[in-house]
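Take a look at the structure below.
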Amino acid sequence: MKKVYTCFCTDVIHEGHLNIINEAKKYGEVIVGVLSDEAMIRFNRFPTVSFQERLEMAKNIDGVSRVIIQDEIMYDKVIAELKPDYVIHGDNWQKAPLKSIRDNVEGLLNTYGGEIIDVPYTFNENVSLIDKKIKEKLSMPEYRRKRLRQLIKLRDIVKTIEVHSGLTGLIAEKTVVENDGGLDQFDAMWISSLCDSTAKGKPDIELVDMTSRFRTISDVTEVTTKPIIFDGDTGGKTEHFVYTVRTLERMGVSAVIIEDKIGLKKNSLFGTDVEQTQDSIEHFCSKISTAKKVQLTDDFMIIARIESLILEKGMEDALTRARAYVKAGADGIMIHSRKKDPAEIVEFCDKFRAEDKTTPIVVVPSSFNTITESELAQHGVNIVIYANQLTRSAFPAMEQTARDILKYHRAKEVDDRLMKIKEIISLIDEL
Ligand code: SPV
Ligand code: MG
């Protein structure tokens with residue numbers, strides 16, 4: 001009997017999947033691959049049910065003879081092992097970004113005369129309602145909040161991009177690219193104090209108040225499902241910070257990062273060009289431990305950010321603080337640097353990892369931007385944050401458009417580089 005293979009990366013079996021199985025049955029024995037969590041989050045969304053449950057779901061479909069695990073998006077391994085006569089899939093993979101997967105399968109099948117069967121994708125009200133419901137579920141606080149801890153376990157490095165509005169949230173949520181023979185997307189979002197303030201035309205000095213920062217979170221959560229790391233600046237007074245933690249938990253934020261500075265906070269990238277004061281170890285530790293006590297969920301993370309390298313206090317000071325903050329209850333450490341050379345970050349990570357194998361390390365490579373994600377991961381980094389690149393790319397583009405409209409006394413000359421009106425009006429999904 002011929003072998004027909006299909007791969008499922010879904011939390012719910014709906015009529016679209018059953019249609020594929022029914023078609024597949026016409027060609028031979030049906031084998032279903034269930035995509036692993038690790039692979040699923042690279043191009044689709046985070047699973048809302050466990051891998052085990054997804055396996056069971058596939059096993060229970062009438063007409064499925066065997067269920068196997070597919071642990072990579074691309075089919076190389078699975079096709080080499082199974083040598084299916086046919087691979088069957090919805091025809092939605094004829095378009096990017098899924099087309100790269102279809103191309104991969106086509107190339108592999110061509111080597112021995114296997115064939116692809118494209119089944120018309122089932123678009124109907126019921127299927128799109130199921131799809132919407134899964135998304136809605138992922139955006140709910142109790143699902144979103146715990147996802148950062150899950151990602152740290154699943155990913156070599158959690159890729160995080162800055163967002164400061166619904167629109168930038170949509171970019172973080174929806175951008176999927178074909179890269180290095182695979183598909184990729186961001187894992188999480190960073191609500192940067194710098195970009196949240198800049199978007200409001202304000203300096204990054206804790207001037208934009210928490211009510212306004214929470215409003216930004218709310219704008220982002222309304223249109224996204226990915227987990228959020230909130231830039232909490234210094235956390236302010238401990239008596240205030242405890243309330244911030246409770247609110248963030250309630251909103252479904254996964255983590256807050258607070259930096260060990262006191263008094264008027266200025267952006268770290270000014271370094272020692274401006275006056276900034278580092279907090280005492282004792283005081284900052286007490287802020288961490290007090291907040292950990294009021295935290296209600298096990299999911300939420302309080303991450304301590306060390307400014308010793310920024311303020312040129314030396315590596316030993318940074319490491320001493322890291323140890324103390326972890327002991328005080330910090331769920332992670334962020335180490336920051338404004339040097340172009342990543343050497344001091346790498347040195348910190350290696351030394352910290354030599355004595356602490358598990359506490360997550362976060363870095364923000366705005367200045368030391370030559371180091372790659374895999375190099376960071378090799379030095380024990382768990383979360384990388386691209387903290388301001390979206391804002392820094394948008395501003396010059398908008399400014400140039402404004403200049404050109406003034407220059408030409410009309411908008412025709414700028415039109416070619418603009419998003420089409422049709423695209424922008426259909427960018428936002430309607431309920
Ligand atoms: C931010 O994005 O606001 C940060 C990172 O705190 S940095 O600007 O590098 O200090
Ligand atoms: Mg900041």
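Each reported figure results from applying straightforward, stated rules to the coordinates on display, with no laboratory input. Note that the structure is predicted; figures quoted are calculated from it, not measured. Virtual Cβ from ideal backbone geometry, glycine too; neighbours counted across all protein chains shown.
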Quiz prompt | Computed FRET value (nearest 0.05) for E316 with H283, which takes r as the C-beta separation and R₀ as 30 Å | solution = 0.95
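Please give the contour-minus-distance gain from K25 to T272: 0.36 nm per residue of separation, less the Cα-Cα distance, rounded to one decimal in nm. Don't skip to the answer; put the middle values down first.
Details: separation 247, 0.36 × 247 = 88.92 nm, distance 6.88 nm.
Full extension of this stretch gives 82.0 nm more.
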Self-check item: Helix-only [θ]222 nm of the chain, DSSP H runs n ≥ 4, -39500 (n - 2.57) each, per residue, nearest 500
Solution: -13000 deg cm²/dmol
Quiz item: What's the angle, to the nearest 10 degrees (0 to 90), between helix 15-25's Cα axis and the longest principal axis of the chain?
Solution: 40
Self-check item: Cα-projected label distance for V177 with E142, points at 7 Å along beta-carbon direction, nm
Solution: 3.7
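What is the calculated FRET efficiency for S218 to D71, with r their C-beta to C-beta distance and R₀ = 45 Å, to the nearest 0.05? Write out the running numbers ahead of the final one.
Numbers: r = 37 Å, r/R0 = 0.82.
Once the sixth-power term is evaluated, E becomes 0.75.
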Exercise. Report, to the nearest 10°, how far helix 315-327 tilts away from the longest principal axis of the Cα atoms in the chain, using its own Cα long axis and a range of 0 to 90°.
Key: 70
Self-check item: FRET efficiency estimate (nearest 0.05) - Cβ-Cβ, K340 to K407, R0 41 angstrom
Solution: 0.70
Quiz prompt | Dipole magnitude of the chain about its Cα centre (Cβ charges: Lys, Arg +1; Asp, Glu -1), debye to nearest 20 | solution = 620
Quiz item: Once the Cα atoms of helix 99-110 and of the chain are each reduced to a long axis, what angle between those two axes, in degrees from 0 to 90 to the nearest 10, is obtained?
Solution: 40
Practice problem: Just list whichever of K135/K174; K26/K132; K3/K99 have alpha carbons separated by over 19 Å in the model shown. | Solution: K26/K132; K3/K99
Practice problem: Compute the distance in nm between two label points, each set 7 Å from the Cα along the Cα-to-Cβ direction, one at V49 and one at R353. | Solution: 3.7
Self-check item: Relative packing of peptides 385-396, 170-181, 21-32 - highest average C-beta neighbours within 10 Å first
Solution: 21-32, 385-396, 170-181
